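Notes to accompany the following structure.
The values are calculated or read from the model by the stated rules, or taken from the named source; none is laboratory data. Only a predicted model underlies this, so the values are computations on that prediction, with no experimental measurement involved. Glycine also receives a Cβ, built like all others from the backbone with ideal geometry; neighbour counts cover every protein chain displayed. Side chains are part of the model used for accessible areas, which takes the heavy atoms of the whole protein and leaves out ligands, DNA and RNA. Shrake-Rupley method; radii C 1.70, N 1.55, O 1.52, S 1.80 Å.
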Amino acid sequence: SFIGEESVAAGQGSILTDNPTWIIDPIDGTTNFVHRFPFVAVSIGFVVNKKIEFGIVYSCVEDKMYTARKGKGAFCNGQKLQVSGQEDITKSLLVTELGSSRDPEVIKIILSNMERLLSIPIHG
């Protein structure tokens, strides 16, 4: 099976089944791309039985290829990545995305989530 982000965003329905499924977003960061903001990638995932098996993200501007496979770790241009090990949330950096929907109910949920996130004593 195949699920494309652009077709889903255009209103076509998509149901994830247990079938082997490719999930592809050819312009991940479409709004960035439209505004010539250089954080854009091609994102590809492969799912079997509704569980991710591997993923690939190619950051076009940075020329970085991120890959990960279930149980095998994550890599950037072939070099193994690892988490920082930081356990103190007050030293963490929070990054979020607001989405593109301007539906009042969606905005209400997003702002509620943001309020909860901003009450965490994070570094930035």
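For region 84-94, indicate whether the set of residues that are free of Cβ contacts under 8 Å to residues at least 24 places away in the same chain and over 25 Å from His123 (Cβ atoms) is non-empty.
Looking for residues that are free of Cβ contacts under 8 Å to residues at least 24 places away in the same chain and over 25 Å from His123 (Cβ atoms), one finds none in region 84-94, hence no.
Could you tell me whether any residue of region 74-93 is more than 29 Å from Thr21 (Cα to Cα), of a type in the set (A, V, I, L, M) and touching a helix residue (DSSP H, G or I) at 6+ places or on another chain (Cβ under 7 Å)?
Among the residues of region 74-93, not one is more than 29 Å from Thr21 (Cα to Cα), of a type in the set (A, V, I, L, M) and touching a helix residue (DSSP H, G or I) at 6+ places or on another chain (Cβ under 7 Å), which makes the answer no.
This table checks each residue for (1) open to solvent by 80 Å² or more (accessible area, probe 1.4 Å); (2) over 24 Å from Gly99 (Cα atoms).
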residue	(1), (2)
Ile15	yes, no
Ile56	no, no
Ala68	no, yes
Lys72	yes, yes
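Please specify each residue of region 101-123 satisfying the condition of being open to solvent by 100 Å² or more (accessible area, probe 1.4 Å) and in contact with a Ser or Thr (Cβ under 7 Å, 6 or more places away or on another chain).
His123
Could you please find all residues in region 74-87 being open to solvent by 100 Å² or more (accessible area, probe 1.4 Å) and within 24 Å of Lys51 (Cα to Cα)?
Within region 74-87, Lys80, Gln82, Val83 meet the criteria.
Taking the conditions exactly as written (open to solvent by 60 Å² or more (accessible area, probe 1.4 Å), touching a helix residue (DSSP H, G or I) at 6+ places or on another chain (Cβ under 8 Å) and in contact (Cβ under 8 Å) with a residue 12 or more places away in the chain), does Leu98 satisfy them or not?
Yes, satisfied.
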